[in-house]
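> Let me begin by handing over the structure; questions about it come next.
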Amino acid sequence: MAKVKLQNIARKFGNVTAIENITLEIPNGEFWVLVGPSGCGKSTILRAIAGLESITEGEIYIGNTLVNHIPARQRDVAMVFQNYALYPHLTVAENLAFGLRMRREAKAEINQKVQTVARSLNIEHLLKRKPKQLSGGQQQRVALGRAIARVPQVFLLDEPLSNLDAQLRDDTRTELKQLHHQVGITTIYVTHDQTEAMTLADRIVVLKDGNIQQIGNPQTIYAQPANRMVATFLGNPPMNILPVTYLNGSFVINNQFLPINSEIEQRLHPIQGQNFDLGIRPEDIQLATSELNQKGYYTITVEINIVEPLGREILVKSKLLDTNINLDFLVAADWQGKQGDRVTVQLDLKRLFIFDVSSGKTLF
Ligand code: ATP
């Protein structure tokens, strides 16, 4: 096991900048997730650590060793891709043993390691089968097993669950987390799926356009996003963003004045006519009731567009009256509202975010 350190790394492909300037240090034994939209550079970072991709600038350390010029197979990392890449002519047991055989470990030791890995991944009953006799989920477990059997210093996973169906993805995700608890290998996991990032990570690295937007544990990133991109990327359903203008001590949206409190005013120092983006998560909006203390809320009337039952609750997609401004919120599963209804909702003032319109930076 080893820590992984990236120091100002960059990778250009001709005039395409895949990664611009990445610096981070992953402590020994932690599970980090790189997350971001398609094309943000996640896979390039992972492949650079594995030695499958060269970098144009910067330094990569595994443990205390500078590995920039060390070939992939000498870096002692194991990588798992989304398309399992098992050897089709070998059995599951032989696939699991492959890396160990290459290292010329003793036969008895190999057998014992294969059994241990197979047990921890629940694939003992499949050891004699060939890959084509396995389901996608089973194949992916074998691929994970093959990678961990040789106990690499670093475990690299590139969207390993994306080819699995929803149920299997959830199950395998849980197994992966358990596996990490058991073996504690430094793990770097790439995904564009924010649920995977939130559930698996000790720390999440949010990327956009080849740059780091924020690094933090899942709870902190969710509660204190550094900017609008992070705020809207993490969270399902995503955060609402409402364009507002500051006028006479209020945010104005759609001719409606939402008075701002002195704390927001002091922190923002707004000037007349200044535009902001106001962010609020769907779970921080509720249907207005007379019992609630109106003071702690903004009250807004919306027209319902779509009602999506999610089982435990209902996602309501609405628009601010006579506008195209979307506002999504969650209500109890037994709510009876329907498309076209007008309802008044309350935005919890304690849960508001204010973003700078052009930079997207979180101001409040
Ligand atoms: P995805 O989630 O879609 O896999 P990603 O975040 O992993 O995306 P990368 O695969 O790292 O993104 O690619 C980052 C950028 O670099 C993209 O714009 C991509 O088109 C570009 N890129 C990656 N590999 C190459 C290459 N070999 N040649 C040219 N451009 C490349």
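> Can you pull a Stokes-Einstein diffusion coefficient for the range 190-313 at 4 °C (1.567 mPa s), Rh from Kirkwood over Cα pairs, as a whole number of µm²/s? Could the numbers behind the result be given before it?
Details: Rh = 17.0 Å.
Diffusion coefficient, whole number: 76 µm²/s.
> Ratio to report: Rg/Rh of the range 1-129, with Cα atoms as the point set and Rh obtained by the Kirkwood method; give two decimals.
That ratio equals 1.04.
> So what's the convex hull volume per residue for the Cα atoms of the range 69-160, in Å³?
About 99 Å³ per residue, rounded to a whole number.
> Same structure again: Multiply the residue separation of ILE304 and ARG101 by 0.36 nm, subtract the distance between their alpha-carbon atoms, and state the gained length in nm to one decimal. Numbers along the way, then the final one.
Numbers: separation 203, 0.36 × 203 = 73.08 nm, distance 6.22 nm.
Gain on extension, ILE304 to ARG101, equals 66.9 nm.
> For the range 98-151, what is Rg from Cα atoms divided by 2.2 N^0.38 Å, rounded to two decimals?
Relative to the rule-of-thumb radius for its length, the range 98-151 sits at 1.09.
> With no solvent and one point on each alpha carbon, what is the Debye value of log10 I(q)/I(0) for the range 240-356 at q = 0.13, 0.21 Å⁻¹?
-0.50, -1.20
> Still on this structure: Using only Cα atoms, locate the centre of the range 16-87 and the centre of the range 94-127, then give the distance between them in Å, rounded to an integer.
A separation of 26 Å, based on Cα centres.
> Please find the FRET efficiency linking LEU315 to ARG267, where r is the Cβ-Cβ separation and R0 is fixed at 30 Å, and quote it to the nearest 0.05.
Taking R0 as 30 Å, the efficiency between LEU315 and ARG267 is 0.45.
> So for the chain, averaging the separation of alpha carbon pairs under 8 Å that are six or more residues apart and normalising by length, what relative contact order in percent results?
Reported relative contact order: 16 percent.
> In whole angstrom, note down how far apart the Cα centers of the range 317-364 and the range 260-280 are.
Distance between centres, Cα-based: 18 Å.
> Follow-up. Using only C-alpha atoms and all pairs of different ones, pull out the Kirkwood radius for the chain in Å with one decimal. Mind showing how you got there, number by number?
Values: mean 1/r = 0.0432 Å⁻¹.
Result for the chain stands at 23.2 Å.
Each reported figure results from applying straightforward, stated rules to the coordinates on display, with no laboratory input. On a predicted model such as this, the values are computed, not experimentally measured, just so you know. Reconstructed Cβ throughout: ideal geometry from the backbone, glycine too, with neighbour counts over all protein chains shown.
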